[in-house]
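The values are calculated or read from the model by the stated rules, or taken from the named source; none is laboratory data. This structure is a prediction, so every number in the text was calculated from the model and none was measured. Virtual Cβ from ideal backbone geometry, glycine too; neighbours counted across all protein chains shown.
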Amino acid sequence: MKLAEFNDLCLREWGEARGEVISLSLTDESYEELAADTAKGTAALVNPLTRTEVKVAAGAATDTAEVRRHYAEPHPAGIP
């Protein structure tokens, strides 16, 4: 997974149903690709919309994301 793909995922989830990506379970290959594409590795991955830390784990059989739905709650960073 490239950093741009992660950012697109966060934007898409928020736009579709106010979904906040809070964690990723990635294959080893995707994990390595994401770590290589970020300046600080995956240890400091931040959701670009909510500015919250996203937990990232390697070793999954497929890439999956855990998403928290806010629905009627205000945006954590004050964005409408």
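Being part of a helix (DSSP H, G or I) and under 16 Å from LYS55 (Cα atoms) is the filter here, so list the residues in the stretch 6-32 that pass it.
PHE6, ASN7, LEU9, CYS10, ASP28, SER30, TYR31, GLU32
Filter the stretch 10-31 for residues that are under 13 Å from VAL46 (Cα atoms) and either in contact with a Lys or Arg (Cβ under 9 Å, 6 or more places away or on another chain) or surrounded by fewer than 19 Cβ atoms within 10 Å (Cβ to Cβ) (or both) and give the result.
Scanning the stretch 10-31 gives LEU11, GLU20, VAL21, ILE22, SER23, LEU24.
Listed residues THR38, THR62, THR50; which is at pLDDT 75 or above, farther than 18 Å from ALA17 by Cα, surrounded by 11 or more Cβ atoms within 10 Å (Cβ to Cβ) and β-branched (Val, Ile, Thr)?
Step by step, each of THR38, THR62, THR50 is checked, and only THR38 is at pLDDT 75 or above, farther than 18 Å from ALA17 by Cα, surrounded by 11 or more Cβ atoms within 10 Å (Cβ to Cβ) and β-branched (Val, Ile, Thr).
Say we look at the stretch 67-80 and pick out the residues that are surrounded by 13 or more Cβ atoms within 10 Å (Cβ to Cβ) and in contact with a strand residue (DSSP E or B) (Cβ under 7 Å, 6 or more places away or on another chain); which of these is modelled with the lowest pLDDT?
HIS70
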